[in-house]
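Working notes, structure below.
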Amino acid sequence: MSTTPQDLEQLVAQKYRHGFVTDIESDTLAPGLDENVIRHISRIKKEPEFLLQWRLKAFRHWLTMPTPNWAHLKIAPIDYQAISYYSAPKARTDAPKSLDEVDPKLLETYDKLGIPLHERARLAGVAVDAVFDSVSVATTFKDRLAKAGVIFCSFSDAVQQHPQLIEQYLGSVVPHGDNYFAALNSAVFTDGSFVYIPKGVRCPMELSTYFRINAANTGQFERTLIIADEGATVSYLEGCTAPMRDENQLHAAVVELVALKDANIKYSTVQNWYPGDENGLGGIYNFVTKRGDCRGANSKISWTQVETGSAITWKYPSCILTGDHSVGEFYSVALTNHYQQADTGTKMIHIGRNTKSTIVSKGISAGHGQNCYRGLVKILAGAEGARNYTQCDSLLMGDRCGAHTFPYVEVKNSTASVEHEASTSKISDDQLFYCRSRGISQEDAVSMIVNGFCKAVFKELPMEFAVEAQNLLSVSLEGAVG
Amino acid sequence: MLSIKDLHVNVGDKQILKGISLEIKAGEVHAIMGPNGSGKSTLSQVLAGRDGYEVISGSITYKGQDILALSPEERAREGVFLALQYPVEIPGVNNVYLLKAGLNAIRKHRSLPELDAFEFLTLIKEKMKLMHMDESFLNRGVNEGFSGGEKKRNEILQMAVLEPSLALLDETDSGLDIDALKIVAHGVNSLRSPERAILMVTHYQRLLDYITPDYVHVLAGGKIIKSGDKTLALELEKRGYDWLTQVPAINTDNTGAIGA
Ligand SMILES: Nc1ncnc2c1ncn2[C@@H]1O[C@H](COP(=O)(O)OP(=O)(O)OP(=O)(O)O)[C@@H](O)[C@H]1O
Ligand SMILES: [Mg+2]
């Protein structure tokens, strides 16, 4: 009657679909990290002096920082000297100016990933920036966006073409010394995406970045900066994959969002980095700092994430609710299977009056997966009338996995209201049998039930990505219940 | 259609069904009655293929095929349907979505074209009218927040859509108000046909007032201890089960040749 642990063990037989390696010549810096490496990166990228100085400041600070205390994660020490901090596909010219100049092998890679840079993107009306190892290879739809006044380009291009915006906003949300990985990223980041939406502009299409780690022994340290000026609106999606490799690879990104008065930023992530094999060998270490600042009144930042990949995920997309009446949201689905570990959650810092935040977290653990929600809701003294609603639900599959919930609440204003709901459940045999007795296969039943569990989050995703997320979840769970 | 022979079923170490034999032909309606805990739900779940029951001995043949080796979904695709005594809530899974997935899986198995969203909606709206169900149920989660009676009605809606050859109805009548009982009975009766068979578990005669059974069986202590026609149900209603289950020594009724 009850699904036995042995049955559930089989829950983890699915192979990673994006685990191919692209055979491409690349310029890769020898492993190791010191000031010379940083100067070298900055030189290759022809950066202005202020940026080099900022990198060095971050690096010197990083050297003084203790390695993080891992809370609920089990992790072997990382040898930062064994990582290469720059790897770029060899290009015929300095940087591809158009898609025609991009290495066809690279384009093929993106095709395999389901991201044809020209065709499908055009059909979907989604502008795509693709980051391959350290370098941004192509940004589609530049012209149409430019007409609307939207800047959407690689971070490197932005440094060249809009240095004043970079200087004004870089590090203004995540300072160079914010945390160990943010400091490392600030020192060595190589590329990423940059978005600026001017005053009053509603971005005419979804913007999207695909990240892929290809070269062995490289880390990916991308940096994303999105600025929505007063009254602007933008929806941004990030997707990630990596080849299957036995060694762990480090991904330490920083994402900064700035929403000025009345601006609205929606940031969605579908993270499918290689999770390691069923014995826990290999996989990406995904240590990401994501933070948005609702700097102006009535602004809104909404994070939606679907995290199915990576050996270890450590990220807390957060909102600083500075402006009065600003709104922060966090919708998350995190799935851990095999030996994956996820420590994820959010921080909502209420500073302005009548600020409002909503947190909906859905954790799914299968196999030996460990899933931890860690959230902070902080209401400062001036945050008159602030409100938070938090809902954390965990779904367990089998009895070797774990779910942990750590909600921290700090309230310094008595007019605030903070509400927290939590639940832990298992996929019940009753539910499975019910679906199956209607003719639905066991696998479809599992993914149907899990998708139902995640519904509150999926409905926040842009339509086309919601479908992708559902499929991803089904694939990650295929064979999950025997 | 269905032939059960000397079926013995255990849950863990506990013997629950102790030799059940039952023949159901196409076109027939059989009612099973019996005290609480006698094994009625166990029998219907074993027929539908639920895991966790150990068939110690005996056989179940459905349409000439041994179905003990089939999974629940395979049985459903072959036309077996179970309306559960306690329908399950599946939060976030759309009621219509589940039913469409089920129907299409069944159709696929039978090499019929799958219904698209529009065709399915037309079909389900028609069936909902039959069940007097409000269209707001279309978009709710499976049984999520449904009242007891609404859940039962939803089961029969599913049956009406899936059009099984063998419908197993486990206490579909309990929890229904008088009007709902008539509606459900009407739903069941409209499925009755010479090609289909129905096995329904009930505690009360009132369901049988609306759905006239061809046979009535009494299941007690894991065995069918008496079978008869519809008049047996009336007798049970009057007299309960004691006269069947007690040792006949002090029983003055003529219940048949019991004894030495
Ligand atoms: N998983 C189980 N573990 C232990 N005992 C069980 C299990 N499932 C059923 N039983 C027992 O088997 C017996 C028959 O149960 P069943 O649900 O089939 O009865 P029923 O005839 O449907 O009763 P009711 O009229 O109350 O619905 C009961 O004594 C019940 O406690
Ligand atoms: Mg029962």
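If I ask for residues that are modelled with pLDDT of 90 or more and open to solvent by 50 Å² or more (accessible area, probe 1.4 Å), which ones from segment A:384-406 would you list? Hits for segment A:384-406 are A:Glu384, A:Arg387, A:Tyr389.
For residues in segment B:193-229 being away from ligand 2 (no atom under 15 Å from the Cβ) and part of a helix (DSSP H, G or I), which is nearest to B:Glu23 (Cα to Cα)? The extreme case among them is B:Leu208. One residue stands out in segment B:13-48 among those that are more than 6 Å from ligand 1 (Cβ to nearest atom), within 14 Å of chain A (Cβ to nearest Cβ) and farther than 14 Å from B:Ser59 by Cβ: the one that is farthest from the chain's Cα centre (by Cα), namely B:Asp13. For residues in segment A:443-457 being open to solvent by less than 10 Å² (accessible area, probe 1.4 Å) and more than 9 Å from every other protein chain (Cβ to nearest Cβ), which is nearest to B:Ser71 (Cα to Cα)? The selected residue is A:Val446. I'm checking my understanding of the structure. Among residues of segment B:24-44 that are open to solvent by 10 Å² or more (accessible area, probe 1.4 Å) and not in a loop (DSSP other than H, G, I, E, B), which one is farthest from ligand 2 (Cβ to nearest atom)? Out of the qualifying residues, it is B:Thr42. Residues in segment B:77-100 that are among the β-branched types (Val, Ile, Thr) and within 16 Å of ligand 1 (Cβ to nearest atom): B:Val88 alone.
Scan segment B:2-15 for residues that are open to solvent by 30 Å² or more (accessible area, probe 1.4 Å), within 23 Å of A:Phe433 (Cα to Cα) and either more than 16 Å from ligand 2 (Cβ to nearest atom) or at pLDDT 95 or above (or both) and jot them down. If the condition is that a residue be open to solvent by 30 Å² or more (accessible area, probe 1.4 Å), within 23 Å of A:Phe433 (Cα to Cα) and either more than 16 Å from ligand 2 (Cβ to nearest atom) or at pLDDT 95 or above (or both), then B:His8, B:Gly12, B:Asp13, B:Gln15 are the ones that fit. Quick check: anything in segment A:391-399 under 27 Å from A:Thr322 (Cα atoms) and either out of contact with any Asp or Glu (no Cβ under 8 Å at 6 or more places or on another chain) or more than 14 Å from chain B (Cβ to nearest Cβ) (or both)? There is at least one residue in segment A:391-399 that is under 27 Å from A:Thr322 (Cα atoms) and either out of contact with any Asp or Glu (no Cβ under 8 Å at 6 or more places or on another chain) or more than 14 Å from chain B (Cβ to nearest Cβ) (or both).
Within segment B:29-40, the presence of at least one residue that is at pLDDT 95 or above and more than 21 Å from B:Leu244 (Cβ to Cβ) is confirmed. Of the residues A:Ile449, A:Ile440, the single one that is closer than 30 Å to B:Thr42 by Cα and touching an Asp or Glu at 6+ places or on another chain (Cβ under 8 Å) is A:Ile440. One residue stands out among those in segment B:45-58 that are outside any strand (DSSP E or B) and away from ligand 2 (no atom under 16 Å from the Cβ): the one that is least open to solvent (accessible area, probe 1.4 Å), which is B:Gly49. Taken over segment B:98-108, the criterion of being surrounded by fewer than 19 Cβ atoms within 10 Å (Cβ to Cβ) and closer than 22 Å to B:Val142 by Cα is satisfied by B:Asn104, B:Arg107.
Among residues of segment B:86-128 being within 14 Å of chain A (Cβ to nearest Cβ) and acidic (Asp, Glu), the one that is farthest from A:Met448 (Cα to Cα) is B:Glu114. Each residue in segment A:145-169 was checked for being open to solvent by 20 Å² or more (accessible area, probe 1.4 Å), over 13 Å from A:Ile227 (Cβ atoms) and not basic (Lys, Arg), and 7 pass. Looking only at residues that are part of a loop (DSSP other than H, G, I, E, B) and away from ligand 2 (no atom under 16 Å from the Cβ) in segment B:64-87, which one is most open to solvent (accessible area, probe 1.4 Å)? Selected residue: B:Ala69.
Number of residues in segment A:170-205 that are open to solvent by 10 Å² or more (accessible area, probe 1.4 Å) and in a helix (DSSP H, G or I) equals 1.
Mind listing whichever residues of segment B:137-185 are of a type in the set (S, T, N, Q) and away from every other protein chain (no Cβ under 14 Å)? Across segment B:137-185, the qualifying residues are B:Ser147, B:Thr172, B:Ser174. In segment A:164-176, the residues that are more than 16 Å from A:Gly292 (Cα to Cα) reach residues that are aromatic (Phe, Trp, Tyr) and surrounded by fewer than 20 Cβ atoms within 10 Å (Cβ to Cβ) with C-beta atoms within less than 8 angstrom, at least six apart or across chains, in these pairs: A:Glu167/A:Phe50.
Of the residues making up segment B:2-23, just one is in a loop (DSSP other than H, G, I, E, B) and on the phi < 0 side of the Ramachandran plot, namely B:Asp13.
Of the candidates B:Lys151, B:Lys127, the single residue that is within 16 Å of ligand 2 (Cβ to nearest atom), open to solvent by 20 Å² or more (accessible area, probe 1.4 Å), part of a helix (DSSP H, G or I) and in contact (Cβ under 8 Å) with a residue 12 or more places away in the chain is B:Lys151.
The values are calculated or read from the model by the stated rules, or taken from the named source; none is laboratory data. Computed from a prediction, not measured in an experiment: that's the story for all the values here. Reconstructed Cβ throughout: ideal geometry from the backbone, glycine too, with neighbour counts over all protein chains shown. Side chains are part of the model used for accessible areas, which takes the heavy atoms of the whole protein and leaves out ligands, DNA and RNA. Shrake-Rupley method; radii C 1.70, N 1.55, O 1.52, S 1.80 Å.
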